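Quick notes on the structure that follows.
We did not get these values from a lab; they are worked out from the coordinates using the rules stated. Note that the structure is a prediction, hence the values are computed from the model and not measured.
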Amino acid sequence: MQKLIGITFVGVLLLTASGCSNRAKAEKVVEEMLSILQQFNDTLASVKDKDSAKAAASKLDQLGQQIKALAEKNKDLKITKDDEKYLEEKFKPKFDEIGKTLSQTAMKAGLASMGEPTFMKAIQNFGASAQEAQNIMKANEK
């Protein structure tokens, strides 16, 4: 889970790296990404057993779609190196914090789900969506 958060943070920076200053919009993108990750964490925290894991699966799939949509919508957003540094200084602690929380929450949810297949697949799909979002962002960097 920590790796997922790291990928997501790096992806957001790649999404917004190099170009003319567009700091305010970039901040909104990062804040939206943090919101999605918080919702992901909250959804994982709602898992107490197999039934709640199954219920959480559709929300996790929705959040994965939101990550991809956010990347696609903002793939042309550019910022300066100074703005990139500003964003990293401002948001890295928040990404680190949610990453730590998510790691713990995911472990608890995984155990509580007792391996419920729909839930486990949704977790994998979310990770794949985050990776796909990063790929969209990297493609724009070239």
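Using the 2.2 N^0.38 Å rule of thumb for compact globular proteins, work out how region 48-100 stacks up: its C-alpha Rg over that value, please. Expressed relative to 2.2 N^0.38 Å, the Cα Rg reads 1.62. With the convex hull of its Cα atoms as the shape, region 35-142 has an orientation-averaged projected area of 6.8 nm². Pairs over the 28 Å Cα-Cα cut-off, from the set 68/90; 25/100; 90/121; 28/100; 100/121; 25/50: 90/121; 25/50.
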